[in-house]
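Have a look at the structure below, then the notes.
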Amino acid sequence: MKHFLWRVAVALPVPAYDFLPIRKPFLGLGKRVLVPWQGGSRVGLVLEVVEASLERGLSLKESIAVLDTEPLFTPEACAAMLELAQQSMGFAGLVYQDFLPFGLEPSFSHTVQLLPDLDLQNLPDSAQKLEQRQPAQHLDPSLLEFLRGQGLLNETVRLEIPSREVIRAAQSNLTPTPKQAIALEVLRESGGFYTLKSWAENAGVSTGMLNKLLEQGAAMRELEPLPMDLPDFGQPETPPISKAVHLAAAAELEPHRLARLHGGKPRERFAVLAQLIRQAIKRGQSILYLAPDHLRLERAYSALAGLGKSAMLHGALRPLERESVWRTCATGRVSILFSTAFGLFAPLPDLGLIILEDELSDAWKLHGGSRVFLPDAAQLRAKQSGANLLFVGSVPASESLELEGVILRPPTARLHIVDFSAAQTQPEIGPMANMPLARDSFPISTDLKRLLRQTAERGRQAVVIAPRRGYSAMLRCQDCGWTPYCPHCDVPLKYHAAARALECHQCGYSTNPPNRCPSCEGTVLMPRGPGSEWIARELRSFLPQSKVYRFDRDHKDDIEPITRGEAGIIVGTTAVLGLPAPPDLALIALSFADTMHSSPDFRAGERFHALLRQLLEWHPTRAPLLLIQTFDGQHKALQQILAHQPADAFARSELETRENFLYPPFAHLAQVQISARREPDAEVASSQLGGLIRDRGADGLELLGPAPAGIARVKGLFIYQLLVRAKEKIRLAHLLEPARAYRHSGVRVRIDVNPRQLTDVLE
């Protein structure tokens, strides 16, 4: 005999487990359910309804309750999440955790009572009080587990509806004074107030008088459900019909299940997208637009939301607002959803088009939970829902070149390169010591000084991007070369001059800098490697009449004057790109570009090229001068932009090297990190894992390592890593199986499929 089971994922690093369903099994798909869990209960999501034999079902626990009246996820989204967990070698519960933006731990009431007419003599004494309904949280979990297993409990679970307190008029025998009568009349006409203060202001009386009305029963406080209305995002005007060239580009993209659109400036790409969105809406389909950060999400919404009923979903919304957007999508009243990562599986009916902006962005890699890469997940979502997927942005990734697509003409590029390697003299100190660099170029070149002075004289705006936050990358003794290191991580401590502190940017350790070198007793400890704090200080000294603002993770000045158009200079890390471009921006300077492309990661050059293109299109209408300070003025990315080559030229130039070294798109990668408190434990475990993977047939190209990680110790953990690669996904999963199954006391193994930065460390 066959019957159906629920495959339920809970928000934990465990696989989905099977439970006996409640009543009609298929009505639970995509809904949250309460299930027995380790002597208690836990909320999970029904991802699949599976058929099983009766014998197997007898050993399973029965679900306690269904929490939702309507599904939170479509069946196609549930199937995609299960497949995504399998492909990422992760857990369905962590995928569910990453892609539900509200209600992972919903508030609910749970009461229990024994079934009527039971013989209580055969039950434990502690069960006697359950003749009357009791709150489950006040009872012994083992008792509930026993009674539940015997089928003796009647359980009631209800979601608590978010509510707020409101003051309303009540029936009473009070004979009010004239002022009280006015206050009560105002209360009745308004329908209620949420605070005494607002009632008092509208009635023109004191809150003390209103408190007396409450005490005398003429008014009362009661709860009302919070409204589930969509937040007011504003509704931009409908975009105009675009030029014929954009209509042609849209027509070229239309038939493709997977396609790409790159190049041009954002407004030109939006013109093409507008035509595609119009066509999808005409067919009665919904559209999902995914952006990697809030700035680009707002930009896309402003450009395209006027095409249909639109909403946004992002982390700045309150949980209730996110839930409201989510449930409104399920009703079909949203035709275009603009979202960050966690809106990928939003319940949009008849999903016809998924647009994913900037598939190269590292923001698409989830660094916790399931660790999935959004473009991979979006392809699964498109496959399961039958939707078209379009990658769009300034430049394509090498992995997406095989897709059919359109490349728009690159925008005007005003680029000036300061090549430090071409200078004739050398500085005595600093990170550029022993390099052919003029003394006055440290850390701001002569050309940059001249351009900043011109910008200030003309009352314009500039942005200088530093390679790091803080004052300097390290301190170093001028006599013996000693450098202070973090006691928990194998990295130099960063110097923060304003706080007069040495900090570790890996674990947060902080200490005061020494007055003398502990190695040689020297008194000259020189900063090396300028950061945003150092560069901002230099600019304030060089341009004392100019406003210099600092913006990085440590320090965020109020830049409101800049947004109003006042002259000034912002010094910061790439965090400034999360802000709208200053309106009168004349100059963007990358103070030390080599830190952006000198990483051993094979994607470093591609990432640098994407950053340059992002800087060139940052301002929506202007073309500010982009100045690059570097020791490698002949870098391929710089030269291609100078030559006005198309947006996909750099990615195409990478393909031969990628193929020779078996990197994507010619292979699928996974990084296996092994960490332990004791280095021998990590080393032995990594060697064992390497041997197990070789036993499954991995050759020298498919398995690299084990070797210590780029930063061999982080937060007291010693880290070793393996790189596994294969031409087929099924082959990669086969090779990774020993890593997924490996268990050893004191050793942690983490599998990262499609890692974005091979120099990443554990968090």
Quiz prompt | Ranked packing of 16-27, 711-722, most packed first, by mean Cβ within 10 Å | solution = 711-722, 16-27
Quiz item: On a 0 to 90 degree scale, rounded to 10, what angle separates helix 532-542 from the longest Cα axis of the chain?
Solution: 50
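Shape verdict for the stretch 1-48, please, from the Cα gyration tensor: rounded (a/c under 1.5), prolate (a/b greater than b/c) or oblate. Kindly include the intermediate steps, with their values, before the conclusion.
Details: a/c = 1.72, a/b = 1.59, b/c = 1.09.
Prolate, since a/c reaches 1.5 and a/b exceeds b/c.
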Quiz item: What is the stretch 313-419's relative contact order, in percent, from Cα pairs under 8 angstrom and six or more apart in sequence?
Solution: 23
Quiz prompt | Cross-link partners of LYS24 among lysines (Cα-Cα below 26 Å; sequence separation of 8 or more within a chain) | solution = LYS2, LYS61
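Which value at 222 nm does the chain reach when only helices count, each DSSP H run of 4 or more adding -39,500 (n - 2.57), with the total divided by all residues and rounded to the nearest 500 deg cm²/dmol?
On the way: 21 runs with 219 residues, N = 763.
Estimated from H runs of four or more residues: -8500 deg cm²/dmol.
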Self-check item: Prolate/oblate/rounded call for the stretch 104-254, Cα gyration tensor, a/c under 1.5 rounded
Solution: oblate
Quiz prompt | Separation between Cα centres of the stretch 141-172 and the stretch 702-731, rounded to whole Å | solution = 49
Quiz item: What is the extension gain from LEU692 to LYS556, computed as 0.36 nm multiplied by their sequence separation minus the C-alpha to C-alpha distance, in nm to one decimal?
Solution: 44.0 nm
Quiz item: Can you sort ARG460, ARG740 by how many other beta carbons sit within 10 Å, fewest first?
Solution: ARG740, ARG460
Practice problem: Hey, can you grab everything whose amide H is under 5 Å from the amide H of VAL571? Only 5+ residues off in sequence or another chain; H modelled, so Pro and N-termini drop out. | Solution: VAL464, TYR549, ARG550, PHE551
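May I ask you to order 183-191, 398-406, 343-351 by the average number of other C-beta atoms within 10 Å around their residues, highest value first?
Per-residue Cβ counts within 10 Å, averaged per peptide and sorted highest first, yield 343-351, 398-406, 183-191.
I want the antiparallel fraction of DSSP beta bridges within the chain, as a percent rounded to 5. Could you put the intermediate results ahead of the total?
On the way: 73 of 125 bridges.
In the chain, DSSP labels about 60 percent of beta bridges as antiparallel.
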Self-check item: On Cα atoms only, tilt of 178-190 relative to the major axis of the chain in degrees
Solution: 80
Quiz item: Quick one: Cα centre-to-centre distance for the stretch 190-246 and the stretch 359-385, in angstrom?
Solution: 39
Exercise. Just grab the label-to-label distance for ARG164 and ILE22, each label 7 Å out from Cα along the Cβ direction, in nm (one decimal).
Key: 3.0
Quiz item: Among all the aspartates and glutamates, which ones have a C-alpha under 17 Å from LYS129's C-alpha, if same-chain residues fewer than 8 places away are not counted?
Solution: ASP117, ASP119, ASP140, GLU145, GLU155
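Please work out whether the stretch 301-361 counts as rounded, prolate or oblate from its C-alpha gyration tensor, where a ≥ b ≥ c are the square roots of the eigenvalues and a/c under 1.5 means rounded, while otherwise a/b larger than b/c means prolate and anything else oblate? Numbers along the way, then the final one.
Details: a/c = 1.41, a/b = 1.12, b/c = 1.25.
Here the stretch 301-361 falls in the rounded category.
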Quiz item: Can you give the angle from 0 to 90° between the axis of helix 729-741 and the longest principal axis of the chain, with both taken from C-alpha atoms, to the nearest 10?
Solution: 70
Quiz prompt | Centre separation in Å (Cα based) which lies between the stretch 298-329 and the stretch 633-677 | solution = 34
Exercise. Please name whichever of ALA536, ASN512, GLN285 sits farthest to the positive end of the charge dipole of the chain, dipole taken about the Cα centre and charges placed at Cβ: Lys and Arg +1, Asp and Glu -1.
Key: ALA536
Quiz prompt | Additional length obtainable on full extension of the chain from THR483 to PHE4, 0.36 nm per residue less Cα span | solution = 166.0 nm
Quiz item: In nm, to one decimal, how far is the LYS129 label point from the LEU655 one, both placed 7 Å along Cα→Cβ?
Solution: 7.3
Quiz prompt | GLU404 paired with THR511, simple spin-label distance in nm, labels 7 Å along Cα-to-beta-carbon | solution = 6.2
Quiz item: Under a point-charge model restricted to the Cβ atoms of Lys and Arg (+1) and Asp and Glu (-1), what is the dipole moment magnitude of the chain relative to its Cα centre, in debye to the nearest 20?
Solution: 1060
Quiz item: Among TRP199, TRP6, which comes first, then next, by fewest other beta-carbon atoms within 10 Å?
Solution: TRP199, TRP6
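Could you sort the peptides 385-393, 70-78 by per-residue average Cβ neighbour count (10 Å cutoff), highest mean leading?
Details: 385-393: 23.4, 70-78: 20.3.
Going by the mean number of other Cβ atoms within 10 Å, highest first, we get 385-393, 70-78.
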Quiz item: List the lysines whose alpha-carbon lies under 21 Å from that of LYS365, not counting same-chain residues fewer than 8 positions away?
Solution: LYS383, LYS729
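Going by how many other beta carbons lie within 10 Å of each one, how would you line up CYS507, CYS480, CYS489, fewest first?
Ordered by Cβ neighbours within 10 Å, fewest first: CYS480, CYS507, CYS489.
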Quiz item: Which residue, chosen from ALA65, GLN384, GLY343, occupies the Cα position most advanced towards the positive end of the dipole of the chain, where the dipole is computed from +1 (Lys, Arg) and -1 (Asp, Glu) charges on Cβ about the Cα centre?
Solution: GLY343
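May I ask you to compute the full-extension gain from ARG450 to GLN150, defined as 0.36 nm times their residue separation minus their alpha-carbon distance, rounded to one decimal in nm? All intermediate terms of the calculation are to be shown ahead of the outcome.
Details: separation 300, 0.36 × 300 = 108.00 nm, distance 8.33 nm.
Extra length from ARG450 to GLN150 when fully extended: 99.7 nm.
Considering all alpha-carbon pairs of the stretch 675-763, what whole percent are spaced by more than 14 angstrom? Spell out each step's value before the answer.
Working: 2443 of 3916 pairs.
So the portion of pairs separated by more than 14 Å is 62 percent.
Read the figures in this text as sums done on the coordinates, not as results from a lab. These numbers come from a predicted model, not from an experiment. Positions of Cβ are backbone-derived with ideal geometry, glycine not excepted, and every protein chain shown enters the neighbour counts.
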